[in-house]
């Protein structure tokens, strides 16, 4: 029995997208974001890796993957959003404009903000990023993790000075708990999902993610992909990538395919029902970074208007992606990718190699002319889990 299950919902994009939805990722804004990241100590762009051997095996023209395993010492992309959103909060306290927002300009006024505490809920990567950024700028941080969280990821967050603990709640309820604690204690909530009345910080986090595209802009502009697979939890990352590429493409945007775990397919179910819905329960999946039951309000609007398909995958698909990336073909480099990072490659692999997925392949237009862009959003953030999966 094949456990590598793929389900697909095609999105009706017959209605024109609202251009205003993508304005937050306009050229001026992403330039300010990139300049801020350039100012951070130890910053360097993550590599965009070409997998020519695997592309040939899959029967497509080109395959590229952004490898976030080397992002600072955090092994994940999340710090791009957390650091920029935190800098925006501190910039407001100090009185810095966007074009003045640099690491040195911020810490020069440390005494004006070092009393602040940032709080968030996380499955691991976002919380580690918040703790890292708070330590960098000289603030305090409190991090809440949902039940079942990895002890290794918890300890990694504490290593950056955060007060971190595991709740008895799932991710979505942990977010509401963090919000409650922020209000009770006068802390600043730095959460990577949005809801009615809480949009500004999540928007800044999404803007922070645009650097993933800016770093690769020369290569991407030279050969704009035909298809972009983006993994989604609440959808903020996926929406940020979509908005950045739509703005860059100027009318010739790629086809966007959103990938989720079958244990937490909140966007898949939302597009199926035609409205934003919440999935309740334990949201069980090995893809901890994607174990979210309710879409971000802003992320949902963007993805509904621009993603051509929503794909739901079993955990085995993520495992396959990790193994394929970790055991490269021909002269392809090895990419160390965690469960949430590798699921898009796993999905592409299954769509292109399993005859039962022919219809999906046809519906999203994948063929020998296709050029595909993926994002390995995390490395081995839990090394024991990574080794167990890749060695098994």
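The values are calculated or read from the model by the stated rules, or taken from the named source; none is laboratory data. This structure is a prediction, so every number in the text was calculated from the model and none was measured. Methodologically, a virtual Cβ is constructed for each residue, glycine included, from the backbone with ideal geometry; neighbour enumeration extends over all protein chains shown.
Per the listing 316, 275, the residue uniquely surrounded by fewer than 24 Cβ atoms within 10 Å (Cβ to Cβ), assigned by TED's automatic domain parsing to the domain that holds residue 19 and either within 27 Å of residue 176 (Cα to Cα) or in contact with a strand residue (DSSP E or B) (Cβ under 9 Å, 6 or more places away or on another chain) (or both) is 275.
Would you confirm whether or not region 78-87 contains a residue that is in contact (Cβ under 8 Å) with a residue 60 or more places away in the chain, touching a helix residue (DSSP H, G or I) at 6+ places or on another chain (Cβ under 9 Å) and within 23 Å of residue 334 (Cβ to Cβ)? Within region 78-87, one or more residues are in contact (Cβ under 8 Å) with a residue 60 or more places away in the chain, touching a helix residue (DSSP H, G or I) at 6+ places or on another chain (Cβ under 9 Å) and within 23 Å of residue 334 (Cβ to Cβ). Could you tell me whether region 308-316 includes any residue that is touching a residue at least 60 places away in the same chain (Cβ under 8 Å), more than 15 Å from the chain's Cα centre (by Cα), outside any strand (DSSP E or B) and more than 20 Å from residue 386 (Cα to Cα)? Checked region 308-316: no residue is touching a residue at least 60 places away in the same chain (Cβ under 8 Å), more than 15 Å from the chain's Cα centre (by Cα), outside any strand (DSSP E or B) and more than 20 Å from residue 386 (Cα to Cα).
Residue pairs whose Cβ atoms lie under 7 Å apart, sitting 6 or more positions apart in sequence or on different chains, and linking a residue in region 43-61 that is under 30 Å from residue 104 (Cβ atoms) and in the same structural domain as residue 228 (by TED's automatic domain parsing) to a partner that is part of a helix (DSSP H, G or I) and modelled with pLDDT of 95 or more, are 43/37; 46/68. Every listed requirement among (1) surrounded by 16 or more Cβ atoms within 10 Å (Cβ to Cβ); (2) free of Cβ contacts under 8 Å to residues at least 24 places away in the same chain is met by residue 20 save one, (1). What number of residues in region 236-276 are more than 16 Å from residue 21 (Cβ to Cβ), in contact (Cβ under 8 Å) with a residue 12 or more places away in the chain and assigned to a loop (DSSP other than H, G, I, E, B)? Residues meeting the conditions: 6.
Residue 225 meets each of the listed conditions (1) assigned to a loop (DSSP other than H, G, I, E, B); (2) in contact with a strand residue (DSSP E or B) (Cβ under 8 Å, 6 or more places away or on another chain); (3) modelled with pLDDT of 95 or more apart from (3).
Only residues that are outside any helix (DSSP H, G or I), in contact (Cβ under 8 Å) with a residue 24 or more places away in the chain and surrounded by fewer than 24 Cβ atoms within 10 Å (Cβ to Cβ) were counted across region 102-118, and they come to 5.
So is residue 372 under 13 Å from residue 257 (Cα atoms), at pLDDT 95 or above, buried (at least 20 other Cβ atoms within 10 Å of the Cβ) and within 17 Å of the chain's Cα centre (by Cα) or not? It is false that residue 372 is under 13 Å from residue 257 (Cα atoms), at pLDDT 95 or above, buried (at least 20 other Cβ atoms within 10 Å of the Cβ) and within 17 Å of the chain's Cα centre (by Cα). Return a yes/no flag: does region 202-217 have any residue that is outside any strand (DSSP E or B), over 16 Å from the mean Cα position of the chain (by Cα), closer than 22 Å to residue 142 by Cβ and outside the structural domain of residue 302 (by TED's automatic domain parsing). No: region 202-217 contains no residue that is outside any strand (DSSP E or B), over 16 Å from the mean Cα position of the chain (by Cα), closer than 22 Å to residue 142 by Cβ and outside the structural domain of residue 302 (by TED's automatic domain parsing).
A single member of 254, 265, 261 is over 30 Å from residue 385 (Cβ atoms), assigned by TED's automatic domain parsing to the domain that holds residue 321 and either over 14 Å from the mean Cα position of the chain (by Cα) or crowded, with 19+ Cβ neighbours inside 10 Å (or both), and it is 254.
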